[in-house]
Every structure is written in structure tokens, then in C-alpha cells.
Amino acid sequence: MKRTPAIEASLIYGIALVLAFVVFLVTSDLQRALGYSQGMAVLVLFPSWALWVGVGFFLRGKTKFGRFLGNLSVSAVVAIAAILIIQSLAGAVSAAQAKVFIGTFVYILTVYFFASLFAAAATQFWIFRKFDAKLKTGELPYLQSSSSQKTTKRAKRK
């Protein structure tokens, strides 16, 4: 799998969505978990994906720590901006409804932030770890083991 900003962003999107759905499912019922996950995917994760790709384009030559911090920064900015937008929209409803409205979205955005944090860490440090190791050594692991087996067989014959 070639490491591109779109692939990295898609992995973060997918992992964060699945992880958030599991968290929502554990803390509520299935119908509510599906609704929260769909809302989070459309309202928060898709704009984040576009920003992850854009930031990833500029961070292509950087280390995995730099790309991770870029992804984390996008997640933080999106979560904070969404909370500010939700708070400004809450003025259109009654005080009791606004409290529930804001509480629900703060919960969803908190889950979003931590799920995307875990997803970015998993993508940068776990999923692409073998790919980075191959680039450093210039060898593929399976070629190394098969060539070492061939040399030991030749050495035994002599």
C-alpha cells in the first residue's frame, strides 16, 4: 500500500468511525449509536478527512511524528470549531433544549477527538511501521528470510 495523504486520511477516518461507533454502542443503545456515528461521519469526520488530506499534502516529506502532530492538530481545530459553532446555534432554542443540544454534541465531539487521536496514532505508528522499516533497510522481510535460507543450504553442501 503506497503511503499517500489520502490513504492516511482514509485510514484515520475509518478507524475513528469504527472506534467511535463501538464507544457509542457501549454507552447507549444501537439506534442512538447509529445516529451518533452517522452524524459524526457527515458533520465532523468528512471535513476532517479533507483537512487531513490537505495538511498531509504539505507534510509528505516529514517524519511520522510530524504527520501525527499534523493529524492531531486538524482533529483539535475541527473539534473546537464545531463546539463554537454548536454553541452559537444553541441560542435559537430554549435554555433546556440548548443544554441537551450542547451536551450531546460535546459528547460526540469528545469521542471524535479521542477516536481520531487513537486512529492517527495507529495509522502513523502501527499500520505504516513495516513500510517505514522496509524503506530504511531497502529490503523486503520475506526476501531476506528466503535468501538466508538459500545461503545456509549452499553452505551445508560445501
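Here are the numbers for this structure:
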| item | result |
| --- | --- |
| Which numbered condition residue 98 misses (of (1) surrounded by fewer than 18 Cβ atoms within 10 Å (Cβ to Cβ); (2) closer than 21 Å to residue 127 by Cα) | (2) |
| Options 44, 26; residue that is part of a helix (DSSP H, G or I) and buried (at least 18 other Cβ atoms within 10 Å of the Cβ) | 44 |
| Residue among 35, 54, 66 that is farther than 30 Å from residue 129 by Cα, surrounded by fewer than 20 Cβ atoms within 10 Å (Cβ to Cβ) and among the small types (Gly, Ala, Ser) | 35 |
| Criterion: in contact with a Leu (Cβ under 7 Å, 6 or more places away or on another chain) and either part of a loop (DSSP other than H, G, I, E, B) or modelled with pLDDT of 95 or more (or both) - qualifying residue of 51, 117 | 117 |
| Output for the range 1-18, where each listed residue is part of a helix (DSSP H, G or I), more than 13 Å from residue 126 (Cα to Cα) and of a type in the set (A, V, I, L, M, F, W, C) | 6, 7, 9, 16, 17, 18 |
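Listed here are the residues, each with its yes/no results for (1) of a type in the set (S, T, N, Q); (2) within 18 Å of residue 115 (Cα to Cα).
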site: 13; (1), (2): no, yes
site: 18; (1), (2): no, yes
site: 30; (1), (2): no, no
site: 35; (1), (2): no, yes
site: 39; (1), (2): no, yes
site: 47; (1), (2): no, yes
site: 63; (1), (2): yes, no
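The values are calculated or read from the model by the stated rules, or taken from the named source; none is laboratory data. Since the model is a prediction, treat every value here as computed from it, not as a measurement. Reconstructed Cβ throughout: ideal geometry from the backbone, glycine too, with neighbour counts over all protein chains shown.
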